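Student: Below: one structure in C-alpha cells.
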Amino acid sequence: MRKTCRRLAGVLALTLVAAMPAGCRPESESRSYYPGLARIGDTYQLFMPLCPTDGLLEVTVRDGRATEDEPDWWRVEGLRDQAGLSEFLVLGDDGPFLETTGKSLARPPMPDQIVVKLRQSDRNGSSDENTLLFNSAAVPSYPSGADMQRIRYTTGTVSSEGDLATPEEMRRRSECAIGGRSPGPAPSLQPVTSLRPGAYSRVKKATLGTDAVDWMEVYSAARPEEDIASDVCGNSPATGAVVSALGRSVSWQAKTDDGSWDWRRFIWNYVGAYGTISAADAVEQVDGRLGCGPYIWGDIRLNTSRRVGLPPLPGIDRQLLFCEQGEQQDEEIAFCTLLLARHDILSRVVVKATTEEEAVTSARALADEAAEALART
C-alpha cells in the first residue's frame with residue numbers, strides 16, 4: 001500500500017478541521033460532526049454518530065488544564081469487537097478495549113474541562129481524528145437507568161453552555177464522521193470469533209520498533225489502524241479485499257536540509273490480523289492485481305509496476321516485493337511495497353522515495369528485520 005499518511009481531521013469546539021501532515025494529499029473535505037456528553041448516575045456517557053463503515057481505533061480523555069507531560073485521565077485502543085461497535089461509549093469503561101493506559105484504575109473525578117479525542121477508522125485505510133472540548137459543569141445529569149436514546153446530551157464547548165440534543169438530533173445534524181452521507185456498504189470485516197487467540201499481542205510483536213529506521217525521523221509510533229493488504233491497482237474492499245483487524249503502524253519520514261518534513265521520502269510499517277482468510281491469501285490477492293496499466297491515486301499518477309526478487313525469508317508463509325513508479329507534484333516518485341505473511345498475521349513495509357533504486361534499497365534493508373519480528377509470532 002502506498003498511503004504515506006492518514007486522513008486526519010480534528011473537531012475543535014465541535015467544528016471539523018482538516019489537519020494534514022506534511023506531504024499528504026487531502027482525502028476528504030471538512031464535515032459537520034456533532035457528538036454529545038451526558039452524565040447518567042456516576043458515569044459519563046459519550047454519544048458518537050457513526051457511519052455504517054466506521055470503526056473506533058482509540059479514545060483519549062485528558063484534563064483540559066493539564067500540561068503536555070501529565071498523564072491522560074484515560075486512554076484505550078484495540079476494540080475487542082469492531083463489528084459490535086456501539087455509538088454509545090462510557091468514559092473510563094475499559095471493558096470493550098484490549099489495552100488501557102493513563103491513570104490508575106482508581107481514577108480521580110472527571111476534570112472540570114474534559115478533552116476527548118476519538119480516532120475512527122473507515123475500515124479501508126483512512127481515519128479521522130476528532131477532538132472534543134466539554135465543560136463538565138455544563139454536562140446534563142440524569143439518574144441511573146435513564147434511556148440513552150431519549151435523554152439530551154450537551155454539544156457545547158468549554159466557552160459556552162452549548163445546546164442539548166438527543167442522539168437522533170445529533171445524527172441528523174452530523175454528516176458521517178467518515179465517508180460522507182452515503183458511505184456505501186460496509187467492507188468485509190474480521191468477526192471477533194474468526195480471530196485466533198492472542199492476535200492482538202502477536203500483531204504488537206510483529207510491528208517494527210521505532211529504531212528500525214535510523215536514517216529517518218519517527219513520524220508516528222505504535223498507532224492503531226485498520227487496513228487492507230494493499231490498494232495497488234484499485235485493490236479495495238469493493239473488489240473483495242478483506243480488512244485486517246487489530247492493526248498497528250509505525251512510520252518514519254525524512255527531513256530536508258532546512259529541517260522541514262520531506263514529502264518525497266517516507267517509510268511505513270503496518271501489521272494486522274486476519275481470520276476469515278489467511279494472511280497469505282491476502283498477499284496472493286494483491287499479487288493477482290499487479291500488472292495493471294497507469295492509474296491515479298489521489299494526486300499521484302502511477303505508471304509502471306513490477307515484482308522485485310527477494311531471497312526466501314525464514315518463517316514466512318508468503319512474501320511479495322513490488323515497486324511502482326509515478327509522478328506527484330511534477331516530480332518523479334517511486335513506491336516499493338514488501339508484504340510478508342505468517343499464518344494470520346500480515347506485515348507490510350511501504351517505502352516512498354525519489355527513485356526506485358532508493359526505494360528498493362530501503363525495502364530490502366528492512367526485509368530481514370520485518371521477517372524476524374513476524375516469525376516471533
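Student: Pop out the ³J(HN,Hα) list for the stretch 325-338 in order, Karplus 6.51 cos²θ - 1.76 cosθ + 1.60 with θ = phi - 60°, rounded to Hz; leave Gly and Pro as x.
Tutor: Running phi through 6.51 cos²θ - 1.76 cosθ + 1.60 with θ = phi - 60° gives 10, x, 9, 9, 6, 6, 10, 6, 9, 9, 10, 10, 10, 10 Hz.
Student: Across the stretch 360-377, in residue order, what do the Karplus-derived ³J(HN,Hα) couplings come to in whole Hz, using 6.51 cos²θ - 1.76 cosθ + 1.60 with θ = phi - 60° and x for Gly and Pro?
Tutor: 5, 4, 5, 5, 5, 5, 9, 4, 5, 5, 5, 5, 4, 5, 5, 5, 5, 7
Student: Right, another one. If I stretch the segment between residue 146 and residue 88 completely, what's the gain in nm (0.36 nm per residue apart, minus their alpha carbon distance), one decimal?
Tutor: Details: separation 58, 0.36 × 58 = 20.88 nm, distance 1.33 nm.
Residue separation times 0.36 nm, minus the Cα-Cα distance, leaves 19.5 nm.
Student: Please find the FRET efficiency linking residue 355 to residue 204, where r is the Cβ-Cβ separation and R0 is fixed at 45 Å, and quote it to the nearest 0.05. Can you show the working numbers first?
Tutor: On the way: r = 33 Å, r/R0 = 0.74.
Efficiency, rounded to the nearest 0.05: 0.85.
Student: Looking at the stretch 215-301, I'd like the Rg to Rh ratio, where Rg is from alpha-carbon atoms and Rh is Kirkwood's inverse mean 1/r. Provide the component values of the computation, followed by the final result.
Tutor: Numbers: Rg = 15.3 Å, Rh = 14.8 Å.
Value, to two decimals: 1.03.
Student: Separate question: Work out how much length residue 137 to residue 308 would gain on full extension: take 0.36 nm times their residue separation and subtract the Cα-Cα distance, in nm to one decimal.
Tutor: Working: separation 171, 0.36 × 171 = 61.56 nm, distance 6.03 nm.
Additional length available on full extension: 55.5 nm.
Student: Taking amide H positions as placed in the peptide plane 1.01 Å from N, state which residues far from residue 90 in sequence (5 or more) or on other chains have amide H under 5 Å from it.
Tutor: 46
Student: Please work out how much length the chain gains when fully extended from residue 80 to residue 260, using 0.36 nm per residue of separation minus the C-alpha to C-alpha distance, in nm with one decimal.
Tutor: Details: separation 180, 0.36 × 180 = 64.80 nm, distance 3.83 nm.
Value of the extension gain: 61.0 nm.
Student: Accessible area per residue of the stretch 47-140 at 1.4 Å probe, in Å²? Write out the running numbers ahead of the final one.
Tutor: Working: 3600 Å² over 94 residues.
About 38 Å² of surface per residue is accessible.
Student: I would also like to ask the following. Convex hull volume of the Cα atoms in the stretch 238-377, per residue, in Å³? Don't jump to the answer; show the numbers that get you there.
Tutor: Numbers: hull volume 17.1 nm³, N = 140.
So the per-residue Cα hull volume is 122 Å³.
Student: Carbon and sulfur atoms: what percent of the 1.4 Å accessible area of the stretch 293-333 do they account for? Please list the in-between numbers first.
Tutor: On the way: 1120 of 2320 Å².
For the stretch 293-333, the apolar C and S fraction of the accessible surface comes to 48 percent.
Student: Amide H of residue 99 versus every other amide H placed in the peptide plane: which residues, excluding those fewer than 5 positions away on the same chain, fall under 5 Å?
Tutor: Correct list: 77.
Student: Separate question: Counting only heavy atoms of the protein chains, get the accessible area per residue of the stretch 225-377 (1.4 Å probe) and round it to a whole Å² value.
Tutor: Numbers: 5700 Å² over 153 residues.
I get 37 Å² per residue for this part.
The values are calculated or read from the model by the stated rules, or taken from the named source; none is laboratory data. If you're wondering where the values come from, they're calculated on a predicted model, not measured in any experiment. All Cβ positions, even for glycine, are placed from backbone atoms using ideal geometry, and neighbour counts span all protein chains on display. With ligands, DNA and RNA removed, areas are computed over all heavy atoms of the protein, side chains included. Shrake-Rupley method; radii C 1.70, N 1.55, O 1.52, S 1.80 Å.
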